[in-house]
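Only one structure is covered here, and it is reproduced in the block below.
What follows draws every value from the coordinates through simple rules; no lab data is involved. Owing to the predicted nature of the structure, the values given are computational and were not obtained by experimental measurement. Virtual Cβ from ideal backbone geometry, glycine too; neighbours counted across all protein chains shown.
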Amino acid sequence: MQDKYFPHDVERAAHAHWSACDAYRVTEDASRKKFYACSMLPYPSGKLHMGHVRNYTINDMLTRQLRMSGYNVLMPMGWDAFGLPAENAALKNGMSPAQWTRDNIAYMKQQMQPLGLAIDWSREVTTCDPAYYKWNQWLFLRMLEKGIAYRKTQVVNWDPVDQTVLANEQVIDGKGWRTGAPVEKREIPGYYLRITDYAEELLDFVTGDKLPGWPERVKLMQENWIGKSEGVRFAFTHDVAGDDGAPIGGGRMYVFTTRADTIMGVTFCAVAPEHPLAAHAARTCPALAAFIEECRTGGTTEAELATQEKKGLRTGLSVTHPLTGEPVEVWVGNYVLMGYGDGAVMGVPAHDERDFAFALKYGIEIRQVVLVDGAHFDYHRWQDWYADKQRGVTINSDSFSGLNHKDAVHAVAHALEQKGLGEKKTTWRLRDWGVSRQRYWGTPIPIIHCSVHGAVPVPEKDLPVVLPQDCIPDGSGNPLQRHEGFHAGVTCPVCGQGARRETDTMDTFVDSAWYFMRYCDPKNDQAMVTDSANYWMPMDQYIGGIEHAILHLLYARFWTKVMRDLGLVQVDEPFTRLLTQGMVLNHIYSHRSDNGGRDYFWPQDVEHVHDAAGKIIGARLVRAVGDLPAGAAIAYEGVGTMSKSKNNGVDPKDLIGKYGADTARLYTIFTAPPEATLEWNDAAVEGSYRFLRRVWSFGARLSATDVQAAVPAGASGARDAAFGKGAKALRREIHQLLRQVDYDYQRMQYNTVVSGAMKMLNALEDFQASDPADPLALTEGFGILLRCLYPVTPHITHGLWSGLGYAAALGDLLDAPWPQVDAQALVQDEIELMLQVNGKLRGAILVPAQADRTAIERIALASPVFAAQAAGAAPKRVIVVPGRLVNVVLK
């Protein structure tokens with residue numbers, strides 16, 4: 001065994017060993033308890049960063065430790081290979097998304113392999129493979145049959161220059177990311193999945209303590225996104241007639257509110273720009289038509305609307321208040337979405353913060369109808385108590401005055417129901433999942449369009465509908481629309497006449513909604529899932545970033561329930577436990593391009609600009625990048641999450657090249673708890689490397705002391721050996737630390753696992769061997785250290801385990817038994833008690849652990865410390881506090 005630690009030699013040997021024995025191939029085994037641990041599959045952007053290393057190392061630690069504990073553990077890997085970034089790269093580099101994706105997967109696998117992860121690569125899936133997305137299409141057709149999938153119009157972002165639909169992230173300040181053209185809203189047909197049919201069950205599992213292994217904040221985020229609201233849906237009546245002379249909407253404009261207790265405070269109503277009343281008013285009002293057109297360039301999601309400036313314009317129309325009979329002005333508001341509820345809201349400025357600001361801006365009346373005792377209403381300044389449902393009592397509300405929130409809602413609902421204008425209703429924030437994307441690089445939607453029979457499902461025997469691999473997007477729309485081969489020879493499955501394929505592709509969340517089930521039997525071409533899924537599912541531990549806490553997890557939960565209802569799987573929920581690991585942070589640098597886009601720069605290309613106090617106030621390039629010369633000033637955005645899109649990741653390849661994979665793994669685990677963020681620190685990386693060198697050096701010295709003969713004795717030999725006082729103290733400390741490390745593994749507190757291993761090494765290094773049995777204590781202790789450290793740093797521990805001869809006694813470290821705490825080692829022969837004389841601490845004494853009070857008194861009075869303090873004086877009494885101290889009171 002080498003005296004010095006050369007990480008690349010050690011890691012090369014470990015990889016050769018694992019490869020030779022096919023160490024990580026996993027099969028189903030009904031005789032063993034299974035554990036399925038999975039990290040969220042990465043997008044093949046081209047480079048892993050240390051955030052990925054942290055995620056996968058957490059998973060790897062779990063996998064290795066449980067395997068040593070006797071579990072049959074599955075840790076697979078795949079690639080979330082469809083998506084918009086590939087199309088953006090194709091536009092930029094002039095290559096097909098297929099080639100870009102495949103090249104990136106190959107490179108990222110090269111980055112991943114040196115980490116020594118215990119991945120069963122025989123189960124690898126790539127979502128852009130037809131063998132995978134065939135089953136996206138197959139299940140979509142099953143959903144279509146069951147009515148879970150359906151077609152309707154949808155509002156999208158449209159770039160009028162590129163003639164293409166843009167994702168929300170491609171819209172920057174209301175303009176297309178590439179062309180800079182004002183983005184329009186357009187309604188086009190698309191396919192939806194009825195996730196709302198599962199809303200109650202999805203909510204019940206996150207609120208009913210049915211996911212105890214999930215973080216509370218994630219369950220709350222899911223609960224809020226599903227958004228169950230109990231309130232009242234009612235109508236404002238009107239006589240606004242349409243082109244046919246009949247009242248629009250039957251003469252009723254419906255709204256939903258959870259605050260029916262404030263109905264007497266309504267001073268205006270707002271409708272979405274697409275609402276029929278808005279369209280009717282705009283025909284005779286050019287200003288309103290222009291405003292509605294302006295709204296078409298705004299956001300299409302709740303998140304976007306929440307942050308944009310609230311604007312409105314009068315329609316000149318009015319509706320009738322259902323209880324007072326008063327006319328209520330109708331406005332068009334850019335913050336009202338037609339796709340949510342009925343596309344109209346009641347405005348109660350006095351008790352809704354958004355309405356309050358809107359009323360102040362446009363001079364609309366504010367009418368207080370709720371009072372909190374002792375509080376003063378200010379018509380010019382919003383105060384949080386205005387919206388307080390718990391303490392508020394209705395005022396200025398005629399017969400509804402003097403009621404609390406609950407009673408007022410009930411009374412108003414009853415009055416509206418009596419008039420036939422409303423009723424209590426439960427609504428959901430959750431909307432059906434629109435899965436159509438007007439983009440190329442995704443799963444083709446298996447629909448054929450016939451001029452006679454319309455949208456016809458592709459027959460199952462013709463699946464998969466294969467996506468052409470040769471398209472290179474140029475920004476002029478979806479290239480599938482122009483791809484002759486994609487449409488060649490396509491006929492209607494009903495009438496046999498010539499037809500065209502659907503050119504929309506599926507949302508990439510479809511790919512990630514079930515990949516973890518495909519891992520269970522990825523090579524089967526006859527079924528989407530097999531009985532293997534019944535063995536492995538539900539997944540025991542899922543690991544990924546908090547940024548996926550809502551949509552990905554929600555869609556995966558929904559998809560699982562659909563598969564259950566179709567008889568494909570037997571589980572209600574896919575993930576038993578969830579760990580949202582903290583992000584790895586690094587500095588971010590950017591520059592706004594001429595077309596409004598933003599370019600990001602790698603930290604190695606940048607130097608900071610500091611003020612007189614040393615604070616970072618800016619940044620500049622140290623070398624030319626693109627069109628920017630060296631020395632060009634760029635924006636410093638502070639510290640943020642390592643991200644492929646922001647070019648602030650640290651390439652693990654560089655780090656591994658300098659220090660080795662075990663240092664990279666150790667650093668990401670030790671620096672912070674798994675759930676906490678980790679700010680990159682080069683000095684701390686060096687510290688991790690120094691620790692591993694100490695581990696190797698100690699092992700090299702241990703080898704030199706010829707203790708290999710003690711290894712075969714194993715744990716039983718350690719228990720039976722006649723250890724001296726020093727060896728007993730060492731064993732006690734090692735086993736105390738093992739007990740804590742074992743506990744930390746169970747709760748996945750991996751940073752303290754590493755600190756426990758460091759304390760073990762300190763104890764071993766400090767031990768001075770003197771008795772014949774001491775080498776056995778050292779050998780046992782180092783063997784425990786290697787096994788505790790192995791899940792986080794498998795290469796160095798494998799090298800030491802094999803080189804020192806542990807494998808001969810305990811087997812390959814891959815499957816070596818997890819060390820057990822020796823209760824006998826924790827028993828102390830002697831304990832230390834503080835010795836006080838007349839209440840003042842004077843020293844300490846050692847007493848047998850089982851000594852009674854009389855024996856303790858005798859030892860204390862016979863101690864040199866007491867003799868020196870007493871100076872011949874006789875003790876008056878002796879006070880013994882068991883396990884802590886002895887106090888001798890002198891006469």
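Before moving on, here are some points about what is shown:
- In degrees, nearest ten, helix 661-670 long axis to first principal axis of the chain (Cα): 80
- Globularity ratio of segment 768-891, using Cα Rg and 2.2 N^0.38 Å: 1.66
- Applying 0.36 nm per residue to the separation of Gln99 and Asp474 and subtracting their alpha-carbon distance, the gain on full extension is 133.4 nm.
- Summed over qualifying helices (DSSP H, 4 residues or more, each -39500 (n - 2.57)) and divided by its residue number, the chain shows a 222 nm mean residue ellipticity of -10500 deg cm²/dmol.
- Projected label distance in nm at Lys419 and Tyr379, using a 7 Å step from Cα toward the beta-carbon: 2.5
- Evaluating 6.51 cos²θ - 1.76 cosθ + 1.60 at θ = phi - 60° for every residue in segment 844-858, the Karplus couplings come out as 8, 10, 9, 10, x, 4, 9, 5, 8, 4, 4, 5, 5, 4, 4 Hz, glycine and proline recorded as x.
- Placed amide H near Thr126: partners under 5 Å, 5+ positions off or other chain: Trp79
- Most tightly packed first, judged by the mean number of other beta-carbon atoms within 10 Å of their residues, the peptides 171-178, 434-441 read 434-441, 171-178.
- Under 5 Å, built H, 5+ apart or other chain: amide partners of Val458: Ile447, Ile448
- With the charge dipole of the chain set up from +1 on Lys and Arg Cβ and -1 on Asp and Glu Cβ about the Cα centre, the Cα lying farthest toward the positive end among the listed residues Gly147, Pro882, Cys21 is that of Pro882.
- Exceeding the 28 Å Cα-Cα cut-off - candidates Lys361/Lys419; Lys389/Lys425; Lys109/Lys461; Lys4/Lys34; Lys152/Lys406; Lys615/Lys759: Lys361/Lys419; Lys109/Lys461; Lys4/Lys34; Lys152/Lys406; Lys615/Lys759
- Taking 23 Å as the straight-line reach from the Cα of Lys175, the lysines in range (excluding those fewer than 8 positions away in the same chain) are Lys92, Lys185, Lys310, Lys311, Lys646.
- Each pair of Cα atoms in segment 584-641 enters the Kirkwood radius, and Stokes-Einstein at 25 °C and 0.890 mPa s then converts it into a translational diffusion coefficient of 208 µm²/s.
- Working note: Debye formula, equal point scatterers on the alpha-carbon atoms of segment 1-114, no solvent; log10 I(q)/I(0) at q = 0.18, 0.19, 0.22 Å⁻¹ is -1.05, -1.10, -1.25.
- What separates the Cα centres of segment 591-653 and segment 748-803 is a distance of 43 Å.
- Stokes-Einstein D in µm²/s, Kirkwood radius over Cα pairs - segment 388-431 at 4 °C with 1.567 mPa s viscosity: 111
- Pairwise FRET efficiency - Ala633 versus Glu484, Cβ, R0 = 51 Å, nearest 0.05: 0.55
- Calculated on the alpha-carbon coordinates, the convex hull of the chain measures out at 259 cubic angstrom per residue.
- Derived scalar couplings ³J(HN,Hα) [segment 561-573; Karplus, 6.51 cos²θ - 1.76 cosθ + 1.60; whole Hz; x for Gly, Pro]: 5, 5, 4, 4, 5, 8, x, 8, 9, 10, 10, 8, 10
- Of the peptides 253-259, 351-357, the ranking by mean beta-carbon count within 10 Å, highest at the top, reads 253-259, 351-357.
- Helix axis angle, 7-20 relative to the chain longest principal axis, alpha carbon, degrees: 80
- Annotation: amide H of Gly618 within the under-5 Å range of Val609, sequence separation 5 or more or interchain, hydrogens built in the peptide plane.
- Each peptide in 732-738, 126-132, 527-533, 263-269 gets a packing score, the mean of other Cβ atoms within 10 Å over its residues, and the list from highest to lowest is 263-269, 732-738, 126-132, 527-533.
- Seen from all directions on average, segment 682-826 presents a Cα convex hull projection of 8.2 nm².
- 10 Å binning of all Cα-Cα separations within segment 830-890, expressed as whole percents from 0 upward: 25, 62, 13
- Relative to the dominant Cα principal axis of the chain, helix 50-68 is inclined by about 60°.
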